[in-house]
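Taken together, the values in this text are just the output of simple stated rules run on the coordinates, not laboratory data. Note that the structure is a prediction, hence the values are computed from the model and not measured. Cβ atoms come from the backbone with ideal geometry, glycine included; neighbour counts cover every protein chain shown.
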Amino acid sequence: MNREPAVEDLLRELAPQVLGVVTRRFGDFAAAEDAVQEALLAAALYWPRDGLPDSPRGWLIQTAMRRQTDQFRSELARRRREQAAALREPPAADVTDHDDTLILLFLCCHPALTPASAIALTLRAVGGLTTAEIANAFLVPEATMAQRISRAKQRIKNSGVPFRRPAADGEWQQRRRSVLHVLYLIFNEGYASSVGRELHRVELSGEAIRLARMVHRMLPEDGEVAGLLALMLLTDARRPARTTSDGELIPLAEQDRARWDQRLIAEGVALIAAAMTAGAVGEYQLQAAIAALHDQAARVEDTDWPQILALYGMLERMTGNPMVALNRAIAAAMANGPAAGLTLLEALDEPLAGHYRLDAVRAHLFEMAGDTRAAVAHYRAAASRTTSVPEQHYLTIQAARLSAPAQRPNGPPGQPSV
Amino acid sequence: MTRFMLLQNYAEFEGCPVPMSSWAPADIKAHIDFQHALNAELTDSGELIDAQGLAGPELARFVTFAGSGAPVVTDGPFPESKELLAGYRMIDVDSAARAIEIAAQVSAAPGPGGVPIQQPIEVREVMGAPSTDL
């Protein structure tokens, strides 16, 4: 991000509000989105030099509308007069910005889009990022990202989704679910950063948190929104302790808990406690509650594993997700011993066949049980199947640590130990 | 989204044992046009990260660290030059199935008379970020 920070923040805040107004005026989301993006670029250029206009929001709306009118002008002379007349009217004051921002978010996260295009469109239309910034964050050429965004807009246009809030019924639930999922994916992209990419990726987590905060402000009574925001905060709190300075992974049990961000933990814990006592419990709330239990343990041995095991049980019944079942097996091993965990893993051989995480967990539990030979075999199998460099390093080192004879300080690098 | 590299080497092609330098000029042009069109298509679909061809095996060198002395540099020609990498595409796609679909398109590049050369394409997933502990 190379805009001036104060102006940058203001532009990002105003972007969805302005887009809402312009979309309402012309009824064409795709064209309005382009016009607003141009207005934002113009503001980023002029405001730091000339100072803020009296009404930054009004300036952006007028500029975007003018751009769009110019666009129409080159297309149709008749419409030109109508749009010029429209421009003389002040922007409608009766539409609340919050409603528009929410509608935009629902539009950009529409289930008709692939996750990758929904993410890109959300970051641009609601987050106010430029195509270049989004391309940079995802390490994709700008032309490729521009196409992804323009195809997403085309798809929305073709699907004929109206620019309105979904009805408060099954449709609302389904659409809200995909909004939360897209925000979760954006957070993940940033959180699961790999070596050398950290700077830009961290900004994605920050952006996901900013958007989740925004949704929470607009839907304060929604427990799952609060749950997702809490989950992000409670996870992000551990970021400083999660990797070494050169990007190698540090597992939860070995993290320096003094480096966890207590301010984020306090905020996340308060959010999730309020949400869970207020109404129906959903999957993000359960995940946040589990994260909160980890974050509140001052030492790893203080972790409330029986409670975590119970929460994973609820989460598994709610989602039927085998990855949740895998985590439940870990919790069972920690609460009741490795044999309990290994027994639960047997049911996962089929749903998670060939998945490296099943091998990684099995290796860990065999190690806990003192079966070194089995642990080494599963660590190696996991290392050969992961698609993540830091994880491959971690798992390879675990296998080597357990299989190395006690006094063989430095074997030749790259040689598999027998 | 997952990244894959689609790798091509100099191995003989199923559909075309004739080296490209012996093709008719129009066939060579059709082959090159095909590659450009495919890259444009993949940019347009928001999936192309990079596409590069590598200079020929004649210019390849193998370099080996040799302790305190000068590194050992071996020039070609190499007996196994057919196994050398000829070029690659890096793509960012929704699924492994999509990567295979694109590889199949690459493998259908036209040879003499417009007949697909059926070059085998090696599809390799690029290591990415660790899965999260969320």
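In straight-distance terms, cross-link reach from B:Lys29 covers every one of the lysines whose alpha-carbon lies under 26 Å from its own, apart from those fewer than eight places away in the same chain; here that gives B:Lys82. Put in line by how crowded their Cβ is, counting other Cβ atoms within 10 Å and starting with the fewest, A:Thr319, B:Thr43, A:Thr69 read A:Thr319, B:Thr43, A:Thr69. Distance between the modelled labels on B:Ser68 and A:Leu252, one decimal in nanometres: 5.2 nm (7 Å Cα→Cβ projection).
In order along the range A:178-191, phi translates into HN-Hα couplings of 6, 4, 5, 5, 5, 4, 4, 5, 5, 4, 4, 3, x, 6 Hz, rounded to whole numbers, per the Karplus curve 6.51 cos²θ - 1.76 cosθ + 1.60 with θ = phi - 60° and x for Gly and Pro.
Our note on the geometry: Cα centres of the range A:343-383 and the range A:244-315, 24 Å apart. Classify the range A:282-334 from the C-alpha gyration tensor, please: rounded if a/c falls under 1.5, else prolate or oblate depending on whether a/b exceeds b/c. Because a/c hits 1.5 or more and a/b fails to exceed b/c, the range A:282-334 counts as oblate. For the range A:12-24, backbone phi angles converted through the Karplus equation (6.51, -1.76, 1.60; θ = phi - 60°) give residue-by-residue couplings of 5, 5, 7, 3, x, 5, 5, 4, x, 4, 5, 5, 4 Hz, Gly and Pro being listed as x. Potential lengthening of the chain between A:Arg373 and A:Ala273 amounts to 31.7 nm, from the contour at 0.36 nm per residue minus the alpha-carbon distance. Between A:Met323 and A:Ala347, the distance separating the two model label sites (each 7 Å from Cα on the Cα→Cβ line) works out to 2.0 nm. Placing unit charges on each Cβ (+1 for Lys and Arg, -1 for Asp and Glu) gives the range A:259-418 a dipole about its Cα centre, and among A:Pro322, A:Met334, A:Val376 the Cα reaching farthest toward its positive end belongs to A:Val376. Helix A:142-159 and the longest principal axis of the C-alpha atoms of chain A enclose an angle of approximately 70°. A full extension of the chain between A:Ser74 and A:Arg210 corresponds to an added length of 45.2 nm, given 0.36 nm per residue minus the alpha carbon distance.
Taking the longest Cα principal axis of chain A as reference, the axis of helix A:262-278 is set at about 80 degrees.
Under a model in which nothing but the beta-carbon of Lys, Arg (+1) and Asp, Glu (-1) is charged, the range A:364-408 shows a dipole of about 160 debye around its Cα centre. Each residue, A:Asp99 and B:Ala24, gets one label point 7 Å from its Cα in the Cβ direction; the gap between the two is 6.7 nm.
Our summary of shape: the Cα atoms of the range A:230-313 have principal axis extents of 43, 24, 19 Å, ordered from largest down, in whole angstrom. Compute the relative contact order of chain A as a whole-number percentage, counting only Cα pairs closer than 8 Å that sit 6 or more residues apart in sequence. Worked out over chain A, it gives 9 percent. Once backbone amide H atoms are built at 1.01 Å from N, B:Ala51 has B:Met90 as its partners under 5 Å, excluding neighbours fewer than 5 places away on the same chain.
Coupling constants for the range B:50-62 follow from the phi torsions by the Karplus curve (6.51 cos²θ - 1.76 cosθ + 1.60, θ = phi - 60°), and in residue order they are 6, 9, 9, x, 9, 4, x, x, 4, 9, 6, 9, 10 Hz; glycine and proline get x. When +1 charges are put on Lys and Arg Cβ atoms and -1 charges on Asp and Glu Cβ atoms, the dipole computed for the range B:1-127 relative to its Cα centre reaches about 220 debye.
Computed with the Debye formula from one identical point scatterer per Cα of the range B:1-105, without solvent, the log10 of I(q)/I(0) at q = 0.11, 0.14, 0.16, 0.24 Å⁻¹ comes to -0.49, -0.73, -0.88, -1.33. Restricting the GluC sites (Glu not before Pro) of the range B:48-99 to loop positions (DSSP other than H, G, I, E, B) with no more than 14 neighbouring Cβ atoms within 10 Å leaves B:Glu80. If you wrap the range A:297-399 in the convex hull of its Cα atoms and look at it from every side, the mean projected area works out to 6.8 nm².
Look at the alpha carbon pairs under 8 Å that are at least 6 residues apart: their mean separation over the length of chain B gives a relative contact order of 47 percent. Taking a ≥ b ≥ c as the square roots of the eigenvalues of the alpha carbon gyration tensor, the protein assembly as shown is oblate, as a/c is not under 1.5 and a/b does not beat b/c. Plainly put, the range B:41-103 has a radius of gyration that is 1.19 times its Kirkwood radius, both from alpha-carbon atoms, as the Rg/Rh ratio. On C-alpha positions alone, give me the angle between the axis of helix A:77-88 and the longest principal axis of chain A, in degrees, nearest 10. Around 80 degrees separate the two axes.
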